[in-house]
1. List every residue pair whose Cβ atoms sit under 6 Å apart, with the two residues 6 or more apart in sequence or on different chains, where the first one lies in segment 126-143 and is farther than 15 Å from Thr102 by Cβ and surrounded by 12 or more Cβ atoms within 10 Å (Cβ to Cβ) and the second, anywhere, is at pLDDT below 90 and aliphatic (A, V, I, L, M).
2. Considering each of Ser221, Ser251 in turn, give the residue that is of a type in the set (Gly, Ala, Ser), part of a helix (DSSP H, G or I) and free of Cβ contacts under 8 Å to residues at least 24 places away in the same chain.
3. Taking segment 107-146 only, how many residues are more than 27 Å from Ile54 (Cα to Cα) and assigned to a helix (DSSP H, G or I)?
4. Select from segment 178-212 the residues that are touching a residue at least 24 places away in the same chain (Cβ under 8 Å), within 21 Å of the chain's Cα centre (by Cα) and part of a helix (DSSP H, G or I) and write down the one among them that is surrounded by the fewest Cβ atoms within 10 Å (Cβ to Cβ).
5. Is at least one residue of segment 40-63 surrounded by 15 or more Cβ atoms within 10 Å (Cβ to Cβ) and polar (S, T, N, Q)?
6. Out of (1) at pLDDT 90 or above; (2) among the small types (Gly, Ala, Ser); (3) within 28 Å of Ile148 (Cβ to Cβ), what's the single condition that is false for Gly57?
7. Looking at segment 227-242, which of its residues are part of a helix (DSSP H, G or I), more than 13 Å from the chain's Cα centre (by Cα) and not β-branched (Val, Ile, Thr)?
8. What residue, among those in segment 1-11 that are exposed (fewer than 12 other Cβ atoms within 10 Å of the Cβ) and over 16 Å from Gly57 (Cα atoms), is farthest from the chain's Cα centre (by Cα)?
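The values are calculated or read from the model by the stated rules, or taken from the named source; none is laboratory data. In this text the structure is predicted, and so the values were computed from the model without any measurement. FYI the Cβ positions are ideal-geometry reconstructions off the backbone, even for glycines, and counts take in every protein chain you see.
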Amino acid sequence: MDIGTAKPPLELLKRIPHYMIDSHSIHDEYDVRRFELDVLTLLEQKFSEYNPIILTGGSGLYIDSVANGLDNMPEIEPKWRHQLTNQFQTEGISALQELLSTLDPTYYGQVDTQNPQRLIRALEVCLATGKPFSSFRTRNRENRPFSIIKIALIRERTELYDRIDHRVDLMIEQGLFEEAEALYPFRHLNALQTVGYTEIFGFLEGCYDRAEAIRLLKRNSRRYAKRQLTWLRRDPDYRWFHPDQLEEIISFVEDQMGR
């Protein structure tokens with residue numbers, strides 16, 4: 001999944017230590033709770049070598065899991081996820097949306113309804129427990145043994161969307177369609193239910209032509225970026241900068257660290 005996940009180039013990985021990249025197989029069962037535990041273990045080891053450490057991304061939920069912890073959710077038997085995944089594959093995302101809007105209208109009004117992984121996670125809890133997923137979301141913050149400086153990067157919307165479109169073009173030049181075709185036999189796996197692959201899978205299944213797949217790739221990538229920004233704006237602890245404000249960012253971090 002090198003191209004579709006926009007993995008940092010090899011030269012950068014050699015120059016700057018990165019973690020949680022090339023760490024798991026697409027066949028591994030992995031979720032945000034495992035990510036939280038893995039990163040906390042890693043931080044405990046690496047703070048003896050590095051300070052600060054940069055957590056960058058990506059999914060706001062995964063960032064929050066490290067910064068604030070997760071709600072205590074019940075253990076759910078795998079059969080519920082398999083059942084819902086099959087329903088998604090046969091009936092489409094609208095079936096999941098309709099079911100969640102009925103079982104938990106509160107969470108339905110908060111969740112990214114275009115993200116099948118989020119819908120399936122909420123629905124498996126609803127179906128297995130008979131209670132709304134939202135009833136388990138207590139939002140109790142964990143006390144972490146480290147301080148956190150939160151920075152968010154922002155561009156003008158036109159500039160941002162132009163860059164996203166250009167990035168998609170570059171990924172296609174690098175072989176995104178070919179990579180997705182090689183992964184097509186594993187399209188049912190959770191790791192591949194993501195923007196960048198699902199659009200090409202639809203093309204490979206004959207649902208639309210290549211031009212439409214590219215249009216959907218760009219549209220859904222822009223929508224994902226918009227959802228990222230919406231998530232970050234809900235947290236007042238973030239300090240916002242334009243990516244070109246490098247000196248200001250460094251000065252802010254040094255000030256927060258008392259340097």
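1. That search, which allows pairs on different chains as well, returns Ala128/Ile76; Phe136/Met73.
2. None of the other options fit; the residue is Ser251.
3. Matching residues across segment 107-146 total 18.
4. It comes out as Phe186.
5. Checked segment 40-63: at least one residue is surrounded by 15 or more Cβ atoms within 10 Å (Cβ to Cβ) and polar (S, T, N, Q).
6. Only one criterion is unmet by Gly57, namely (1).
7. Within segment 227-242, just Arg233 meets the criteria.
8. The residue in question is Glu11.
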